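Down below is the structure, laid out as structure tokens.
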There are 2 protein chains.
Amino acid sequence: MPEDKPARRKRPTIADVAKRAGVAPAIVSRALSPERRPVSREKRERVLKAAAELGYNQNPLARGLATNSLDMVAVIVNHITDLSDLDLFDPLLEAIQALGKQAVIIRVGNTEKIEDFLRNSAAFHVHAALVFSDFADAEGVRTLFHSDNVLMLNGRFDAKSAYITIDEAAGIREAVTRALERGAKTGALVTGRQTSLIEQARIQAYRDICAGAGLDLVQELQGDYSYASGLALARSIDGASLPDAIFCTSDAWPWA
Amino acid sequence: MPEDKPARRKRPTIADVAKRAGVAPAIVSRALSPERRPVSREKRERVLKAAAELGYNQNPLARGLATNSLDMVAVIVNHITDLSDLDLFDPLLEAIQALGKQAVIIRVGNTEKIEDFLRNSAAFHVHAALVFSDFADAEGVRTLFHSDNVLMLNGRFDAKSAYITIDEAAGIREAVTRALERGAKTGALVTGRQTSLIEQARIQAYRDICAGAGLDLVQELQGDYSYASGLALARSIDGASLPDAIFCTSDAWPWA
DNA sequence: CTGTTAGCGCTTTCAT
DNA sequence: ATGAAAGCGCTAACAG
């Protein structure tokens, strides 16, 4: 792989375009801006022409520095390993790009503190941050990404952050009901990492709903959503006293 | 979601750190640089302390503008929908981040010309670009991302780009051999988008190897790697003259 | 509407 | 080893 060389030839800047079009740099900036800025029709056309001839490309860094904003959104996840992630991320990427922005996917992994993780790596000024990882809190993300547009999807929102929470109780109720209809008297619950607020809520919902419906939750097994852990847990279920039903708190609803 | 407000409070800059540490901004820059720059031990410590107290975070945009490089790598893909993508992208993201860089995933979708796609969106100065999408060529990527570090994984490399190609002939030979061992005389080949160079190479390899081994390739069916297309193609295979073996050029090797 | 002038925050000569 | 100063490329504020 070729090593870091400085760019081969300098790229044309706004000044080059300005010179070629015979206008001031500011005019170029306005003419090329997506917003409607005051520029005479004639100069705008000269600028567009010059820019095209020069193969001019805006430097997002310079723009970002000047406007204090970058057209990027940070997507903060633990990892991308679940089947359901496929259904999630592809449309998400598409949507973000349709907005003219790019997505930086921050994979936090199992780092307990996202701050530790990012301390030495760059913390971007992003347009927005979407937080799926349960390791991140709203204030920390705002600080790290220099943005007030944080959307918390992990339940850890605060007054200043937007959030989406899903009422999973309905689905859980449905699952339990269905199990009961099939004659289940006892059940086991396979859970994921319990530090997740959303996961805690799910578990509590299962307990409450099962209790209310008269289904005896005889076992709670903790995994980490991975196929491997699921397999291991499955083996660990006592064959003799097999519960009638097994519920999983995984993100994807298999019966959906 | 809160709308675009200017950042609530100004973030501390290198100047703030310098003031608090009683040194020049340049010293702060050197002290905080990952590389070993000449700074007296004592001042370095003062700087580090001041930075910590202020909660200083470097602004990557300013750094990028000054150094003409950003610690990001662009990953250019068609989309993320295959099961095998999970196995690929999660470790890839992890590896990229372990290098202290962030990954921007550019989802080209079905856009025929990546340039069209990116014309209006920002073209980043990235440290490197990894190209999986078969819609992108080396020169275009170098230009768009202002980087000479392009790694072509789609077969469309040129003299200046790094590349990785996989010798799939071995695997194909193995697959054909296995089919023959099981008594197959005829076979069908399910292919993907034929504009991909890699795909073309695979198809040719199947043809050559089957011909050489005496297995009669009676059908070639073109899909697009999606489950849906696979299903449709499966239905289209004539039940009466069912071939003995069916080969797929999909990226994931099901028998691996 | 247009051009000039300041910066944005950081790195980097270049003197000291 | 240190600091002053000059930019990186762009946008925004201010005069014309």
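A short reminder: the numbers here are calculations on the coordinates, not readings from a lab. Computed from a predicted model, the values in this text were never measured in an experiment. Ideal geometry is used to build each Cβ from the backbone, glycine not excepted, and the neighbour counts take in all protein chains shown.
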*With r as the distance between the Cβ atoms of residue B:62 and residue A:10 and R0 = 22 Å, compute the FRET efficiency 1/(1 + (r/R0)^6) and round to 0.05.*
0.65
*Listing A:72, A:152 from the residue with the fewest other Cβ atoms within 10 Å to the one with the most, what is the order?*
A:152, A:72
*Collect residues whose amide H, placed 1.01 Å from N in the peptide plane, falls under 5 Å from the amide H of residue A:103; neighbours closer than 5 in sequence don't count.*
A:73, B:105
*Taking neighbour Cβ counts within 10 Å as the exposure measure, how do B:29, B:161 sort from fewest upward?*
B:29, B:161
*asked:* Using amide H atoms built in the peptide plane, which far-off residues or other-chain residues are under 5 Å from residue B:150 H to H?
replied: B:129, B:162
*Would you mind checking the tilt of helix A:169-181 against the longest principal axis of the Cα atoms of chain A, expressed as 0 to 90 degrees and rounded to 10?*
30
*Mind jotting down the distance between the C-alpha centroids of region A:125-204 and region A:9-82, whole Å?*
39
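Of all the stretches in chain A, which is the longest one without any exposed loop site, taking GluC sites (Glu not before Pro) in a DSSP loop (any state but H, G, I, E, B) with at most 12 other Cβ atoms within 10 Å? Could you put the intermediate results ahead of the total?
Values: sites that count: A:3, A:35, A:112.
The segment A:113-256 is the longest one with no such site.
Looking at region A:136-210, which trypsin sites (Lys or Arg not before Pro) are in a loop (DSSP not H, G, I, E or B) and have at most 11 other Cβ atoms within 10 Å?
Working: sites: A:142, A:156, A:160, A:173, A:178, A:182, A:185, A:193, A:202, A:207; in loops: A:156, A:160, A:182, A:185, A:193.
Answer by residue number: A:182.
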*Cα gyration tensor shape of the protein assembly as shown, rounded if a/c is under 1.5, else prolate or oblate by comparing a/b with b/c*: oblate
_chain B: angle of helix B:227-236 to the longest principal axis, Cα-based, in degrees nearest 10_ = 10
*Cα→Cβ-extended label distance, 7 Å offset, between residue A:170 and residue A:37, nm*: 4.7
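Output the pairs from A:101/B:49; B:10/B:49; A:43/B:101; A:10/B:10 with a Cα-Cα distance over 29 Å in this structure; if there are none, say none.
On the way: A:101/B:49 36 Å; B:10/B:49 20 Å; A:43/B:101 41 Å; A:10/B:10 33 Å.
Check vs 29 Å cut-off fails for A:101/B:49; A:43/B:101; A:10/B:10.
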*Where a ≥ b ≥ c are the square roots of the eigenvalues of the C-alpha gyration tensor, would you call region A:169-248 rounded, which needs a/c under 1.5, or, failing that, prolate if a/b is larger than b/c, or oblate?*
oblate
*What number, rounded to the nearest 500 deg cm²/dmol, is the helix-based mean residue ellipticity at 222 nm of chain A, given -39500 (n - 2.57) per DSSP H run of at least four residues and division by all its residues?*
-12500 deg cm²/dmol
*Using modelled amide H (1.01 Å from N, peptide plane; none on Pro or chain starts), what sits under 5 Å from the amide H of residue B:216, excluding residues fewer than 5 places away?*
B:186, B:187
*Anyone know which of B:234, B:128, B:24 comes out most mobile in the 10 Å Cα GNM of chain B?*
B:24
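Exposure proxy check: B:108, B:141 ranked by fewest other beta carbons within 10 Å?
Details: B:108 22, B:141 28.
By the 10 Å Cβ count, ascending: B:108, B:141.
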*Name the shape class, rounded, prolate or oblate, that the alpha-carbon gyration tensor gives for chain A, where a ≥ b ≥ c are the square roots of its eigenvalues, rounded holds for a/c under 1.5, and otherwise prolate holds if a/b is larger than b/c and oblate otherwise.*
prolate
